[in-house]
1. Tell me, in nm to one decimal, what length is gained between residue 62 and residue 11 on full extension, where the rule is 0.36 nm per residue of separation less the Cα-Cα distance?
2. Among the aspartates and glutamates, which have Cα under 16 Å from the Cα of residue 185 when same-chain residues fewer than 8 positions away are ignored?
3. Using +1 at the C-beta of Lys and Arg and -1 at the C-beta of Asp and Glu, which of 59, 125, 89 has the Cα lying farthest in the positive direction of the dipole of segment 1-140?
4. Cβ under 11 Å from residue 69's Cβ, residue 69 left aside: what net charge do those residues give with Lys, Arg +1 and Asp, Glu -1?
5. If I take the Cα coordinates of segment 49-120 and project them onto the principal axes, what are the three extents in Å, biggest first?
6. With all protein chains present, how much of the accessible area of segment 23-156 (probe radius 1.4 Å) comes from carbon and sulfur, to the nearest whole percent?
7. How far is the Cα center of segment 1-46 from the Cα center of segment 111-147, in Å?
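The values are calculated or read from the model by the stated rules, or taken from the named source; none is laboratory data. This is a predicted model, so every value here is computed, not measured. Don't worry about glycine lacking a Cβ; one is built from the backbone with ideal geometry, like all the others, and counts go over all protein chains shown. Surface accessibility is based on the protein's heavy atoms, side chains included, excluding ligands, DNA and RNA. Shrake-Rupley method; radii C 1.70, N 1.55, O 1.52, S 1.80 Å.
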Amino acid sequence: MAETLITVTPTAQDYLRDLLAKQSSPGIGVRIFVERPGTPHAECCMAYCPEGEQEANDVRLDYEGFHAWIDGSSVRYLEDAVIDYKKDSMGGQLTFRAPKSRVPELSDDASLEERINYVLYSEINPGLAAHGGNVQLLELTEDNVAILEFGGGCQGCSAVDMTLKSGVEKTLKERLPELTAVRDKTDHSMTENAYYK
């Protein structure tokens, strides 16, 4: 299934094969995953993955001379992804294009973190954008407290407490009753872009 999702070009395969061959770790592969998937801040990542360090839900892809582990929860965000390697005057560069990595999507088994991001980017941020603002999830604690950070016109805005309490927190808790609290971790002493000062 994942084989059809990600295209690793022949030049990228050559590069990765050479890179992995230089590691003094038998059976080492790469692990491919998306950080903050389904948000405008999504980032495609690749890391060394020594034998036995893959996660239980990872999907293994075998290539000639090496293998890759795809993070199970990132698979749907990596559909149509292309990993390529182009030589240039500085040696070369590995590029990673994943057009669906930033598209909010919820599956039936979506984690609370994915559901928070979905509500933030599909419902809350479009409203904040009218004031040049945005909010993102920094962390979800073990006891289901969402730690948020405001940016753009919301940072340093005198109305941010009202925005947080009557807008963001109310919406998140209505949609996701398992959330216990919503906290703001933004440094609001920076007021240069604030919508209301």
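1. Gain on stretching residue 62 to residue 11: 16.8 nm.
2. In chain and number order, the partners are 139, 149, 161, 169.
3. 89
4. So the environment of residue 69 carries a net charge of -4.
5. 44, 30, 18
6. So the carbon and sulfur contribution to the accessible surface is 46 percent.
7. Cα centroid to Cα centroid, the span is 28 Å.
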